[in-house]
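Below: the structure, in structure tokens.
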Amino acid sequence: METNYATTEPARAEVDALAGPTVLEFGTGWCGWCRAAQPLIAGAFASNPDVRHLKVEDGPGRPLGRSFRVKLWPTLVFLKDGQEVARVTRPSSLDEVRNAMAKIA
């Protein structure tokens, strides 16, 4: 699983307009929690390859993360047609991520 996060984030309006299932992952490449969660996230995506995955670097002053009220990394926001359906913060198990993924896939 890729540990790089996009430094250029989409506008909130773009995210809200996304069609279909999407997972928006907020974090940073240097975050230990983010790195530790990558195998769990990869496991959930292995059985859901059609789900869009956007990895966005977050931090102070980042508007997209603030619009989703992200406070801890990684935060996974599960969207269906641009609407939040589920959220997982600092996942501790594969089932936790899979259960959220099942709500959008």
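As an exercise: evaluate P39 against (1) at negative phi; (2) part of a loop (DSSP other than H, G, I, E, B) and give the number of the one condition it does not meet.
Tallying (1) at negative phi; (2) part of a loop (DSSP other than H, G, I, E, B), P39 fails exactly one: (2).
Being surrounded by fewer than 14 Cβ atoms within 10 Å (Cβ to Cβ), at pLDDT 95 or above, out of contact with any strand residue (DSSP E or B) (no Cβ under 6 Å at 6 or more places or on another chain) and in a loop (DSSP other than H, G, I, E, B): is that true of A19 here?
For A19, the condition - surrounded by fewer than 14 Cβ atoms within 10 Å (Cβ to Cβ), at pLDDT 95 or above, out of contact with any strand residue (DSSP E or B) (no Cβ under 6 Å at 6 or more places or on another chain) and in a loop (DSSP other than H, G, I, E, B) - is met.
Considering only the stretch 13-54, state which residues are of a type in the set (K, R) and over 17 Å from V85 (Cβ atoms).
R35, the sole residue that qualifies.
Of the conditions (1) crowded, with 18+ Cβ neighbours inside 10 Å; (2) more than 20 Å from S93 (Cβ to Cβ); (3) touching a Leu at 6+ places or on another chain (Cβ under 8 Å); (4) not basic (K, R), A6 satisfies every one except a single condition; which number is it?
Exception for A6: condition (1).
This table checks each residue for (1) within 18 Å of A11 (Cα to Cα); (2) within 14 Å of the chain's Cα centre (by Cα).
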residue	(1), (2)
Q38	no, yes
A44	no, yes
L54	yes, yes
D81	yes, no
D95	no, no
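Quickly run through the stretch 47-58 and pick out the residues that are outside any strand (DSSP E or B) and either on the phi > 0 side of the Ramachandran plot or surrounded by 13 or more Cβ atoms within 10 Å (Cβ to Cβ) (or both).
Result: N48, V51, D58.
Restricting attention to the stretch 67-105, report how many residues are in a loop (DSSP other than H, G, I, E, B), of a type in the set (G, A, S) and surrounded by 14 or more Cβ atoms within 10 Å (Cβ to Cβ).
Residues meeting the conditions: 2.
Of the conditions (1) surrounded by 13 or more Cβ atoms within 10 Å (Cβ to Cβ); (2) in a loop (DSSP other than H, G, I, E, B), G61 clears all except one; give me its number.
Single failed check for G61: (1).
The values are calculated or read from the model by the stated rules, or taken from the named source; none is laboratory data. Bear in mind the structure is a predicted one, so any value in this text is a computation, not a measurement. In this analysis, Cβ positions are derived from the backbone assuming ideal geometry, glycine residues included, and neighbour counts consider all displayed protein chains.
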